[in-house]
Amino acid sequence: MPGNSFGQLFRITTAGESHGPANVVIIDGMPAGIPLSVDDLQPDLDRRRPGQSKITTQRKEADTPEILSGVFEGKTTGTSIAILIRNEDQRSKDYGDIKEKYRPGHADYTFDAKYGFRDYRGGGRSSARETTVRVAAGAVAKKLLHTLHGVRIVGYVKQVGAIVADVPDPAAVTLEQVESNIIRCPDAKKADEMIALIEKVRSEMDSIGGTAEVVATGVPAGWGEPVFDKLKADLGKAMFTLPAVLGVEYGVGFGCATLRGSQNNDIFTAKQSHISTKSNRHGGMLGGISSGMPIVLRCAVKPTSSIPLEQPTVTSKGEPTTIATKGRHDPCLLPRFVPMAEAMMAIVLADHCLRQRATRG
């Protein structure tokens, strides 16, 4: 299978390239009767779109979604929802110099190895431009989750380079805090330091990586399947499908490697028959099934591979050469990565929400 679809009961299929005419997503499984309009999609698309600040790519895209099917008189019909987002500001000529060259850290070589052919204009299908329609689908999933269960999903930048934000309670972070600065970090002091670092890196024609944290609150206990479709497994796969993600952890993550069981275990407590835990080192999932505590995960995002700094490489014929990538690229992917990660978490949770309804009614 070509791998353009994701999910089971809530399922998305995407098509499109960075420099093609448009990107499109088809969403299957959205229940009927849920209010939905372009106004529900645009806010997250605005958070993802290029050209939004001085520390993102200056490509100018309105990213206005067109709902082609599945909505009638402001409500979902229960049939497939199709959403189209047009590309309006391609500059394919910027990529003419790399037609026969492989960008270090990019998918140029592996696409050639797989297909024997590649769309070199911005990376084609490997470009993060494809995530526009994923973010639109994620907004639909968020609407489903909030309507049925009051679920809230908020992501933010946790780290840029060596600068780490102080976030005492991830579940308490609000969208307003995240959107209060252009780096999307709820720690205002560290946000200023992160922005200064990104500007410094950009002036040196380089890029920088970091981490994003994504939190879902209001998820009921019981979502997820016990073996191959564990909630943590599907969330991990979802995040790894996003460009530039090199690592995913949840809860205490790799911190568990230095702990004893007595230190790592979260103690259960009950109040008026409501069961929870005193801490949340398990990140809201036990045995791959949601526990009712906030789901907390982090993604490590690599530095942008397309940089104007000249680097050694080879051509498609194996000849040594150098490359300096032109075009408009983010010096740090994290600010625009946040809504992408939120979207993929929402899509997974929407899928497991519907699967749990099928299991328990």
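The numbers here are math on the coordinates, done by the rules we state, and not lab data. This structure is a prediction, so every number in the text was calculated from the model and none was measured. A quick note on method: Cβ atoms are made from the backbone with ideal geometry, for glycine too, and the neighbour counts reach across all protein chains shown.
In the chain, one over the average inverse separation of all distinct C-alpha pairs is 21.4 Å, which is the Kirkwood hydrodynamic radius.
Classified by the C-alpha gyration tensor, region 77-229 has an oblate form. Its axis ratio a/c, with a ≥ b ≥ c, is 1.5 or above, and a/b does not exceed b/c. Restricting region 210-261 to chymotrypsin sites (Phe, Trp or Tyr not before Pro) that sit in a DSSP loop and have at most 12 other Cβ atoms within 10 Å of their own Cβ leaves Phe228. Let a ≥ b ≥ c be the square roots of the eigenvalues of the Cα gyration tensor of region 240-292; is it rounded (a/c under 1.5), or, if not, prolate (a/b larger than b/c) or oblate? It is oblate, given that a/c is not under 1.5 and a/b is not larger than b/c. The smallest convex shape that holds all Cα atoms of region 1-150, its convex hull, gives 133 Å³ per residue. The distance linking region 16-38 with region 338-361 is 16 Å (Cα centroid to Cα centroid, whole angstrom). In terms of other Cβ atoms within 10 Å, Leu9, Leu145 run from fewest to most in the order Leu9, Leu145.
Panel order for Cys185, Cys299, by other beta carbons found within 10 Å of each beta carbon, from fewest to most: Cys299, Cys185. Within the listed set Lys190, Lys158, Lys75, the Gaussian network model of the chain (springs between alpha-carbon atoms below 10 Å) gives the highest mean-square fluctuation for Lys75. Inter-part distance, region 291-320 to region 185-261, computed on C-alpha centroids, equals 15 Å. Residues Thr76, Thr322 in ascending order of nearby Cβ atoms (within 10 Å, fewest first): Thr322, Thr76. Modelled spin-label separation between Lys54 and Thr359, with each label point placed 7 Å from Cα along the Cα-to-Cβ direction: 5.0 nm.
Listed by chain and number, the lysines placed with their C-alpha closer than 30 angstrom to that of Lys54 are Lys93, Lys99, Lys101, Lys142, Lys158, Lys189, Lys190, Lys200, Lys302, Lys326; residues fewer than eight positions away on the same chain are left out.
A Gaussian network model of the chain, with springs between Cα atoms under 10 Å, assigns the largest mean-square fluctuation among Leu333, Leu68, Leu45 to Leu68. With Kirkwood's inverse mean 1/r over C-alpha pairs for Rh, give me the Rg to Rh ratio of region 214-341, two decimals please. That ratio equals 1.16. Taking a Cβ cut-off of under 14 Å around Gly16, the surrounding Lys, Arg, Asp and Glu residues balance to a net charge of -2, with basic ones at +1 and acidic ones at -1. Counting Lys and Arg as +1 and Asp and Glu as -1 over every other residue whose Cβ lies under 14 Å from the Cβ of Tyr250, the net charge comes to +2.
Helix-only estimate, please: 222 nm mean residue ellipticity of the chain, summing -39500 (n - 2.57) across DSSP H runs of length 4 or more and dividing by its residues, to the nearest 500. So the helix-based figure for the chain works out to -8500 deg cm²/dmol.
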